[in-house]
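The values are calculated or read from the model by the stated rules, or taken from the named source; none is laboratory data. Here the structure is a predicted model, which is why all the values come from computation and not from measurement. We place every Cβ from the backbone using ideal geometry, glycine too, and count neighbours over all the protein chains shown.
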Amino acid sequence: MPTPPEPRLLSGDEAVALGALDAGVALGSGYPGTPSTEVLETLDRLGGPARWSPNEKVAYEVGMGVALAQGRALVVMKHVGLNVAADPFFASAYVNIPGAFVLVSADDPGMFSSQNEQDNRRYAHAAGVPMLEPADAQEAYDLTLEAFEVSHRWQIPVMLRMTTRVCHSKSVVRRRSERREPLVPRFERDIKGRVLLPAYARPAHRRLRHKLREIARWSEESPLNHVTRRDNGLGIIASGVASLHAREAAPDASLLKLGVTHPLPFARIRVFAESVARCLVVEEGDPYLEESIRAAGVPVEGKLEPFRFGELDVQRVRKLVEGDPTSEAALFESAPPQLCPGCGYREVFAALGELGCIVSGDIGCYTLAALPPFEAIDSTLCMGASIGVGLGMRHVLPDDQARRVVSVIGDSTFVHGGIGPLIEMMYNPPPDGHVVIVLDNGTTAMTGMQDHPGTGMTLAMEPTSRLDFEALTRAIGVKHVAVMDAKKDTVAFKQTLERFLAAGEPAVLIARRTCVLKKKRPDDVQRERG
């Protein structure tokens with residue numbers, strides 16, 4: 001008998017990567033974003049096939065191609081990334097998938113590194129996609145394997161819904177002895193099952209609902225949903241890390257822990273609720289479980305409004321159980337973050353402030369320029385929105401204000417979501433033009449120095465084609481293009497920015513300097529030299 005693998009201390013992200021490797025994954029794709037970034041980085045480190053894509057939509061579509069070719073695909077993104085990939089996500093639920101497709105969607109309760117607290121459990125329900133929720137690293141490993149099995153069995157995408165605490169907390173993981181053999185990729189034609197013309201999509205929707213009914217029956221008996229019997233006075237229904245908090249906060253309560261949270265095992269939930277005097281739903285974020293269970297006619301208690309915000313912990317769950325709505329002690333407040341000393345962006349934002357610019361910003365470490373001492377960013381919405389928002393301002397503001405609007409976007413974000421809006425700038429130019437500043441530091445700095453198509457290196461640190469920002473910008477039709485190092489020549493940078501603002505035509509100023517936290521490679525030096 002083979003010796004069982006040694007237990008490992010892993011984070012949830014690392015456990016998902018190990019689970020995907022043991023499931024025989026053919027390809028992992030995604031876009032870096034906390035708290036999900038380490039999944040693909042770990043998969044690559046373990047020798048698995050992992051790739052960064054330009055954005056989440058592209059990553060999702062690449063994964064679908066793998067699954068349609070009868071491979072096992074893992075696609076990874078943070079919660080707001082699914083907004084970008086929503087179009088193929090919803091459509092893929094209708095498609096017969098001969099391989100397997102697992103989507104890791106990592107929510108961020110408390111917004112530790114995000115612009116909102118959206119609850120992506122709603123996405124699974126809206127799209128009609130099965131959803132599994134691990135509570136710790138061991139479950140992250142086990143449920144990754146299970147997600148691939150469910151996907152392959154019912155030919156449907158499966159969401160593995162993570163949260164920040166599960167992604168980053170470490171626990172002991174016992175790996176299974178056997179690794180699944182990869183599926184043998186091959187193409188078999190299935191036009192009616194894969195081409196979403198209305199005539200084919202209508203029966204596909206009926207097939208989807210049939211699959212969900214079958215999965216719901218499986219969920220009723222699945223060991224992923226299990227009951228721990230204690231006191232019948234109080235019963236708690238929970239999933240994910242909230243179930244661990246509930247077990248510690250109310251050790252005498254009976255607990256129905258849900259690992260499958262769409263479709264829900266309503267018969268099992270009803271039996272559990274009827275077996276206790278008081279049934280309470282404990283969950284982070286939206287009242288997704290509570291509302292779904294109530295809609296099924298099962299009377300349960302939910303949480304009070306204050307508990308909808310931020311992460312839950314043992315103390316907060318105790319107060320939730322007690323029905324205590326009083327505010328908790330304020331979180332420990334550290335010094336506010338700021339742009340790193342020596343950052344090449346500092347001179348950029350100093351110039352924008354000195355010129356009195358109205359700055360439409362984007363998602364990245366440079367968003368910190370909205371804080372003192374610069375206070376030089378006036379709006380930040382989502383990845384790639386800086387250019388579109390800036391154009392909208394330019395179209396309607398009075399001339400004296402419109403001419404001061406500038407869009408600022410990072411290099412990775414430009415690749416992710418800035419190219420389309422740049423085309424919009426040339427297709428529908430404002431009367432007085434527009435100025436876009438691309439902050440090119442040669443990396444995806446905010447999420448941990450990941451490469452992207454503009455760096456010329458893959459996730460595996462192998463050379464590849466490098467997207468030429470200057471050539472791309474000129475190909476779109478922008479006549480005024482400049483590449484400068486604002487730190488090396490601050491005066492010239494400010495003068496060029498003034499000239500572009502006065503030109504009254506679309507202009508792109510690329511502020512290029514490798515991030516001070518990134519170890520420079522020869523190609524970085526070459527990029528800075530132009």
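Observations, loosely collected:
- Among (1) over 23 Å from A93 (Cα atoms); (2) surrounded by 15 or more Cβ atoms within 10 Å (Cβ to Cβ) - the single one G193 does not satisfy: (1)
- Residue count for the range 23-36, restricted to those that are closer than 18 Å to T163 by Cα and either buried (at least 24 other Cβ atoms within 10 Å of the Cβ) or not assigned by TED's automatic domain parsing to the domain that holds P54 (or both): 6.
- Residue within the range 442-461 that is farther than 30 Å from A50 by Cβ and hydroxyl-bearing (S, T, Y) present: no
- Residue that is nearest to G420 (Cα to Cα), among those in the range 17-59 that are in a helix (DSSP H, G or I), among the aliphatic types (A, V, I, L, M) and out of contact with any strand residue (DSSP E or B) (no Cβ under 6 Å at 6 or more places or on another chain): V58
- The listed residue being surrounded by 13 or more Cβ atoms within 10 Å (Cβ to Cβ) and either in the same structural domain as F493 (by TED's automatic domain parsing) or modelled with pLDDT under 90 (or both), out of F349, F332: F349
- Take the conditions (1) at pLDDT 95 or above; (2) under 26 Å from G33 (Cα atoms); (3) hydroxyl-bearing (S, T, Y); T464 misses just one of them, which is (1).
- The range 423-469, residues that are part of a helix (DSSP H, G or I), out of contact with any Gly (no Cβ under 8 Å at 6 or more places or on another chain) and crowded, with 17+ Cβ neighbours inside 10 Å: M425
- For S407: the one exception among (1) surrounded by fewer than 16 Cβ atoms within 10 Å (Cβ to Cβ); (2) in a strand (DSSP E or B): (1)
- Helices (runs of 4 or more DSSP H) enclosed by the range 277-382 - at least 2 residues per element that are hydrophobic (A, V, I, L, M, F, W, C) and in contact (Cβ under 8 Å) with a residue 60 or more places away in the chain: 314-322, 345-354
Conditions tested, residue by residue: (1) touching a residue at least 40 places away in the same chain (Cβ under 8 Å); (2) charged (D, E, K, R); (3) in contact with a Lys or Arg (Cβ under 6 Å, 6 or more places away or on another chain).
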| position | (1), (2), (3) |
| --- | --- |
| L439 | yes, no, no |
| T443 | yes, no, yes |
| D451 | yes, yes, no |
| F469 | yes, no, no |
| V508 | yes, no, no |
